[in-house]
Amino acid sequence: MANYDYLKDKNLRDKLKTAREKRPSHTLRVDTPRGSNSAPGPSTINEKRAKEVSPPQSSDRRINPENRPSRKRYPKPSTKDLAISTKQLASMIRTGLPLLEALNIISSSSDNKSLKSIYKEVAVGISKGTTLLENFALYPNIFNEMYLALVSAGEAAGKLPEVLDRESKLLESLAKIKGQIRSAMAYPIGISVITIVVVIIMLVYVMPVFVEMYSKSGADLPGLTQFLVDASNIITDPMFLVKLIPISIVSFFLIRILSKQESVLLWKDRLFLKIPVIKGLVTKSSLANFSRTLSSLNDAGVPILEALQISKRTLSNRVFKNVITKMYNEIESGQPIHKALERDTVIPIMFMSMFRIGEETGELSEMVNKLADFYEDEVSESVKALTSIMEPLMIVFVAGVVAVMLVAMYLPMFFMFETIQ
């Protein structure tokens with residue numbers, strides 16, 4: 001098995017060699033699914049050259065306590081910061097710089113405090129004879145299973161720079177999609193908050209003035225005006241806050257408990273897929289994340305079944321997670337991937353067709369990579385379209401709320417004028 005030459009210094013390299021010889025070897029076998037008499041098909045692409053890939057995490061792999069870095073739980077850096085540091089590490093190793101020196105350079109130059117400390121501790125671990133995978137595995141909240149699987153494949157194949165570069169591109173892609181979705185949601189959320197604040201200010205400070213004026217007239221108030229008067233009286237009542245605080249606390253904990261229930265979360269994800277505008281954005285972003293992750297893992301030599309399990313964890317929508325679980329079971333029983341996708345209506349026909357073509361031509365990774373490019377572009381277009389639609393709708397919404405409140409305030413005056421005439 002090829003091992004990446006981490007250190008050029010002879011003494012440190014000898015220590016690393018000795019530590020590796022003492023550590024028990026662990027390999028990952030990739031078995032052909034039972035019950036299938038057919039020859040290895042496209043679903044097992046890259047599995048032959050990944051039959052001896054070390055697993056990303058194993059309970060049997062232990063680091064010598066004397067060489068173990070401190071296991072502090074650092075705040076999670078942004079996906080963009082992690083992508084930049086990973087790309088820097090890949091570039092420095094590719095140019096021939098020893099890994100130990102590259103880690104120290106990144107540690108001293110990184111602006112993120114978490115990454116600065118982590119890379120420094122990883123460098124200490126490397127200098128004491130442990131591998132990059134073993135050190136990264138000490139920080140599961142920073143380096144997830146997908147990251148560790150790619151590093152494991154890169155170390156085993158002796159292609160660490162290429163794999164790290166692929167990882168950085170994957171992280172950049174995921175960060176781009178998250179940023180686009182946030183930008184699409186930021187505008188309506190911001191406008192809604194401003195609208196609520198304006199309504200509360202008008203009910204607390206403006207409406208009482210009109211209430212005092214209309215009470216002197218003794219005339220009956222229109223229904224809309226009376227509704228706002230009642231709302232103003234409730235909000236300005238000191239007992240309202242006394243009642244609001246316990247209700248808010250109970251509601252907070254109730255929502256928190258419900259948000260952890262799998263059935264509630266699944267219902268929420270299904271609801272998102274039924275709302276016309278949101279459905280397209282959720283579907284395209286989920287398929288883009290899944291395709292990019294699966295392609296990167298498969299290109300790095302991670303077996304297809306393991307790659308599916310890891311890629312599933314990058315999805316936030318449980319409906320699509322269930323689809324990938326079914327796909328995993330179908331492939332494990334010997335079925336091709338596209339057959340498993342045909343049974344789910346949430347999967348677009350084009351997505352399934354591209355998988356079928358990739359399996360038939362033996363170019364599954366390339367086809368999945370093209371799918372990722374396509375759906376990432378689709379997410380960008382969907383965000384632009386959603387933003388262009390939401391802007392005028394939110395303006396109309398705010399104008400409508402303010403107009404209703406103004407009409408409710410001045411409507412009694414119109415009735416008074418009619419009575420006088």
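The values are calculated or read from the model by the stated rules, or taken from the named source; none is laboratory data. Quantities reported herein were computed from a predicted structural model and do not represent experimental measurements. Cβ coordinates were reconstructed from backbone atoms using ideal geometry, including for glycine residues, and neighbour counts include every protein chain displayed.
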Subset of segment 398-421 [at pLDDT 85 or above and over 30 Å from Val197 (Cα atoms)] | none
Positions within segment 323-349 being in contact (Cβ under 8 Å) with a residue 12 or more places away in the chain, of a type outside the set (Asp, Glu) and assigned to a helix (DSSP H, G or I), in sequence order = Val323, Ile324, Thr325, Lys326, Met327, Tyr328, Ile331, Ile337, His338, Ala340, Leu341
Pick from segment 380-397, criterion at pLDDT 85 or above and surrounded by 15 or more Cβ atoms within 10 Å (Cβ to Cβ), ranking: nearest to Phe290 (Cα to Cα) | Met394
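Charged (D, E, K, R) and loosely packed, with under 10 Cβ neighbours inside 10 Å: does that describe Lys279?
Taking the combined requirement at face value, the residue does not satisfy it.
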Would you confirm whether any residue within segment 60-67 is more than 19 Å from Gly129 (Cα to Cα), surrounded by fewer than 17 Cβ atoms within 10 Å (Cβ to Cβ), of a type in the set (Asp, Glu) and at pLDDT below 85?
-> no
Among the residues of segment 210-229, is any modelled with pLDDT under 85, within 30 Å of Thr293 (Cα to Cα), in a helix (DSSP H, G or I) and of a type in the set (S, T, N, Q)?
-> no
Which one of Val282, Val277, Val264 is among the aliphatic types (A, V, I, L, M), closer than 21 Å to Ala184 by Cα and at pLDDT 85 or above?
-> Val282
The correct count of residues that are outside any helix (DSSP H, G or I) and farther than 16 Å from Val379 by Cα in segment 258-289 is 5
Under 34 Å from the mean Cα position of the chain (by Cα) and in a helix (DSSP H, G or I) - does that describe any residue in segment 197-204?
-> yes
Cross-chain or 6+ apart pairs with Cβ under 8 Å, segment 193-218 first and over 13 Å from Met413 (Cβ atoms) and not assigned by TED's automatic domain parsing to the domain that holds Tyr410, then exposed (fewer than 11 other Cβ atoms within 10 Å of the Cβ) and not aliphatic (A, V, I, L, M) | none
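Name the single residue that is nearest to the chain's Cα centre (by Cα) among those in segment 106-155 being part of a helix (DSSP H, G or I) and among the charged types (D, E, K, R). Even if it seems obvious, please write down each step before you answer.
Keep residues of segment 106-155 that are part of a helix (DSSP H, G or I), which gives 106-109, 113-127, 132-136, 145-155.
Narrowing further to those that are among the charged types (D, E, K, R): 113, 116, 120-121, 134, 145, 155.
Working: Lys113: 22, Lys116: 23, Lys120: 27, Glu121: 27, Glu134: 24, Glu145: 13, Glu155: 26 Å.
Applying the filter and picking the extreme gives Glu145.
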In segment 332-367, how many are under 30 Å from Val264 (Cβ atoms) and touching a Leu at 6+ places or on another chain (Cβ under 8 Å)?
-> 6
Filter segment 92-101 down to residues that are without any contact (Cβ under 8 Å) to a residue 60 or more places away in the chain and within 19 Å of Lys169 (Cα to Cα) and give me whichever is surrounded by the most Cβ atoms within 10 Å (Cβ to Cβ).
-> Met92
Which residues, counting only those in segment 355-402, are more than 26 Å from Gly179 (Cβ to Cβ) and of a type in the set (A, V, I, L, M)?
-> Ile357, Leu364, Met367, Val396, Ala399, Val401, Val402
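Somewhere in segment 363-373, is a residue in contact with a Lys or Arg (Cβ under 8 Å, 6 or more places away or on another chain), part of a helix (DSSP H, G or I), in the same structural domain as Val229 (by TED's automatic domain parsing) and surrounded by fewer than 20 Cβ atoms within 10 Å (Cβ to Cβ)?
Yes; the residues of segment 363-373 include at least one that is in contact with a Lys or Arg (Cβ under 8 Å, 6 or more places away or on another chain), part of a helix (DSSP H, G or I), in the same structural domain as Val229 (by TED's automatic domain parsing) and surrounded by fewer than 20 Cβ atoms within 10 Å (Cβ to Cβ).
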Those residues of segment 323-339 which are more than 14 Å from Glu306 (Cα to Cα) and in contact with a Lys or Arg (Cβ under 6 Å, 6 or more places away or on another chain) amount to His338
Inspect segment 241-261 for any residue being within 26 Å of Ala307 (Cβ to Cβ) and of a type in the set (Val, Ile, Thr) and give the result as yes or no.
-> no
